[in-house]
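Here's the structure, in structure tokens; my notes come after.
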Amino acid sequence: MSIIEKAKQIKMLILDVDGVLTDGGIIINAEGKEIKVFNVYDGAGIELAHKEGLLTAIISGRYSQPVEHRARELRINKVYQNIANKVEAYNQLIAEYGLIPEQTAYMGDDIFDISLLKLAGLSFAPATARHEVKEIVDFVTISDGGKGAVREAIEVVLKAQGKWVVL
């Protein structure tokens, strides 16, 4: 099945955080507080996805307070953090929303994401993903993680669905 055919079926975009929504760097200040840098293009893409009826979720192996804040700000539908078993969280997520795997897209960048990349109906990786990941996904973005890769994936889905409108 082509990427366009797969993208037409997508109802939910699920994202990893480190290396996808961020560049993978972790900044810790002198007080031990974690700081993350998020990209405005990715945020705008998520808002456009919501406007066009796509659901969004985060499944991350780490916990980060800045992720909680950003997810609330962007109205991400569901957030799972500090998840040891991403497949279990994924299965709970699609059951809760009444979806089948073919209706989900997942973007990940590291070997810990491979199981979900194989389960999802459409898989994405940022340009900076590990080579093992890039070898198995449906689409590798031109943009790096944390630098517009999520926006690029959203554009692929919305364009395939005929919902990409340039204002």
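The values are calculated or read from the model by the stated rules, or taken from the named source; none is laboratory data. The structure displayed is predicted, hence computed values, not measured ones. Cβ coordinates were reconstructed from backbone atoms using ideal geometry, including for glycine residues, and neighbour counts include every protein chain displayed.
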(message) Which of the numbered conditions does residue 61 fail, given that it passes all the others? Conditions: (1) out of contact with any Pro (no Cβ under 9 Å at 6 or more places or on another chain); (2) modelled with pLDDT of 95 or more.
(response) (2)
(message) Quick check on my filter: what residues within segment 54-72 are free of Cβ contacts under 8 Å to residues at least 12 places away in the same chain and either of a type in the set (Phe, Trp, Tyr) or over 21 Å from residue 32 (Cα atoms) (or both)?
(response) 72
(request) State all residues of segment 93-108 that are buried (at least 20 other Cβ atoms within 10 Å of the Cβ) and polar (S, T, N, Q); if no residue qualifies, say none. (result) 104
(message) Six or more apart or on different chains, Cβ atoms under 7 Å: show the pairs whose first residue is in segment 116-130 and closer than 18 Å to residue 151 by Cβ and surrounded by fewer than 24 Cβ atoms within 10 Å (Cβ to Cβ) and whose second is modelled with pLDDT of 95 or more and charged (D, E, K, R).
(response) 127/144; 128/109; 128/144
(message) When you scan segment 21-28, do you find a residue that is farther than 21 Å from residue 133 by Cβ and hydrophobic (A, V, I, L, M, F, W, C), even just one?
(response) yes
(request) Output the number of residues of segment 81-126 satisfying the condition of being within 14 Å of the chain's Cα centre (by Cα), within 23 Å of residue 66 (Cβ to Cβ) and part of a loop (DSSP other than H, G, I, E, B). (result) 5
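Does residue 48 satisfy the criteria of being farther than 15 Å from residue 150 by Cα and either part of a helix (DSSP H, G or I) or free of Cβ contacts under 8 Å to residues at least 24 places away in the same chain (or both)? Explain how you work it out, then say what you get.
Values: farther than 15 Å from residue 150 by Cα: no; either part of a helix (DSSP H, G or I) or free of Cβ contacts under 8 Å to residues at least 24 places away in the same chain (or both): yes.
No: the conditions fail for residue 48.
For the structure I just gave you, tell me whether residue 111 is surrounded by fewer than 16 Cβ atoms within 10 Å (Cβ to Cβ) and closer than 20 Å to residue 18 by Cβ. Full working, then the answer.
On the way: surrounded by fewer than 16 Cβ atoms within 10 Å (Cβ to Cβ): yes; closer than 20 Å to residue 18 by Cβ: yes.
Here the answer is yes, as residue 111 does meet what is asked.
Evaluate the following for residue 14: is it in contact with an Asp or Glu (Cβ under 8 Å, 6 or more places away or on another chain), outside any loop (DSSP other than H, G, I, E, B) and either of a type in the set (Val, Ile, Thr) or free of Cβ contacts under 8 Å to residues at least 60 places away in the same chain (or both)? Before the answer, list the steps.
Numbers: in contact with an Asp or Glu (Cβ under 8 Å, 6 or more places away or on another chain): no; outside any loop (DSSP other than H, G, I, E, B): yes; either of a type in the set (Val, Ile, Thr) or free of Cβ contacts under 8 Å to residues at least 60 places away in the same chain (or both): yes.
Taking the combined requirement at face value, the residue does not satisfy it.
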(message) Take residue 60 and tell me if it is small (Gly, Ala, Ser) and surrounded by 19 or more Cβ atoms within 10 Å (Cβ to Cβ).
(response) yes
